[in-house]
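Structure record follows, encoded as structure tokens.
The values are calculated or read from the model by the stated rules, or taken from the named source; none is laboratory data. Note that the structure is a prediction, hence the values are computed from the model and not measured. Virtual Cβ from ideal backbone geometry, glycine too; neighbours counted across all protein chains shown.
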Amino acid sequence: MLFSHPTLSDSQSKPIVVYLHGLLGCGKDWHQVRQQLSDFPSITIDLPGHGMSALRSCFNFEDCCDQISDTLLTHVSPEQPIVLVGYSLGGRIAMSGVANHYFSSLNIQRLIVEGGNFGLQTEQDKKARWDNDHRWAERFRNEPIEQVLADWYLQRVFSSLNHEQRQNLILKRSANLGTSVASVLEATSLARQDYLLERLKCSGLTTHYICGEKDNKFSQLAEQSGLSFSQVAQAGHNVHIEQPQAFAEIIKAQLNTL
């Protein structure tokens, strides 16, 4: 079972917000957003290889989604409506679960994805991505994690971060176990993910996308996706950390449409 932190109500009809964090994160990353949405029941989950689930592993997306389902069903009934919120890796896992029906035992009513990649469409792109992820995984396995993180946060996707923000993230994420990060990085590599956009559109479930205005890559993905989306001012790739109040308002608006 994965580690989870529920804040629930007695109501069986009120939607529960389930938060899935990104690579190197944990459920605590959602603290500020949960404070803003304290009127809504919610559950955070530490994904395999992360936080209090650091010693748990997963083999692939389906296995990860099965572990999430099993964990949630210890807290909620199968009929309980769920709004699933996923950031980056958590967003890719959430999309995989919805698009491939891995969450069939859950009553998911809305999917909200923050900065999640829909997938790669060519074998060439998948091979290049696998080579890249495998190199990072080997570094996480074999080098001091602080050293690897110093380079990790220099990647283009984190270009909106200033020096102080980078240093704070390196300090915060250094608590991770390098070997655990390496395993989940390979198990859930973008190279091993299906291209999910068309399946999401055909799923019958509303998907809303969130990106930061400084995150050029994912803003472009959102604009081209055909999905409803929100672009948040003064935010990069990690909107819920950089602009938690604006992020919470978007979640609240989505909840109010249910």
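Of the numbered criteria (1) crowded, with 19+ Cβ neighbours inside 10 Å; (2) within 18 Å of the chain's Cα centre (by Cα); (3) not in a helix (DSSP H, G or I), the one Val184 fails is (3). What about Ala222, is it assigned by TED's automatic domain parsing to the domain that holds Trp30, touching a Leu at 6+ places or on another chain (Cβ under 8 Å), surrounded by 18 or more Cβ atoms within 10 Å (Cβ to Cβ) and of a type in the set (A, V, I, L, M, F, W, C)? No: the conditions fail for Ala222. The sole residue among Gly97, Gly116, Gly86 that is touching a helix residue (DSSP H, G or I) at 6+ places or on another chain (Cβ under 7 Å), part of a loop (DSSP other than H, G, I, E, B) and surrounded by 13 or more Cβ atoms within 10 Å (Cβ to Cβ) is Gly116. Of Leu200, Leu205, all but one fail to be of a type in the set (A, V, I, L, M, F, W, C), in the same structural domain as Phe103 (by TED's automatic domain parsing) and surrounded by fewer than 16 Cβ atoms within 10 Å (Cβ to Cβ); the exception is Leu205. For Gly91, the stated conditions do not hold, so it cannot be described as in the same structural domain as Ser42 (by TED's automatic domain parsing), touching a helix residue (DSSP H, G or I) at 6+ places or on another chain (Cβ under 7 Å) and surrounded by 24 or more Cβ atoms within 10 Å (Cβ to Cβ). For the range 66-83, indicate whether the set of residues that are buried (at least 18 other Cβ atoms within 10 Å of the Cβ), in contact with a Pro (Cβ under 9 Å, 6 or more places away or on another chain) and more than 17 Å from Leu205 (Cβ to Cβ) is non-empty. Yes, the conditions are met somewhere in the range 66-83.
For (1) in contact with a Pro (Cβ under 9 Å, 6 or more places away or on another chain); (2) assigned to a helix (DSSP H, G or I); (3) not assigned by TED's automatic domain parsing to the domain that holds Ile82, each residue gets a yes or a no:
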| position | (1), (2), (3) |
| --- | --- |
| Gln147 | no, yes, yes |
| Asp151 | no, yes, yes |
| Leu154 | no, no, yes |
| Val157 | no, yes, yes |
| Leu169 | no, yes, yes |
| Ile210 | no, no, no |
| Lys217 | no, yes, no |
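Note on the range 194-208: residues that are over 18 Å from the mean Cα position of the chain (by Cα) and in a helix (DSSP H, G or I) amount to 4.
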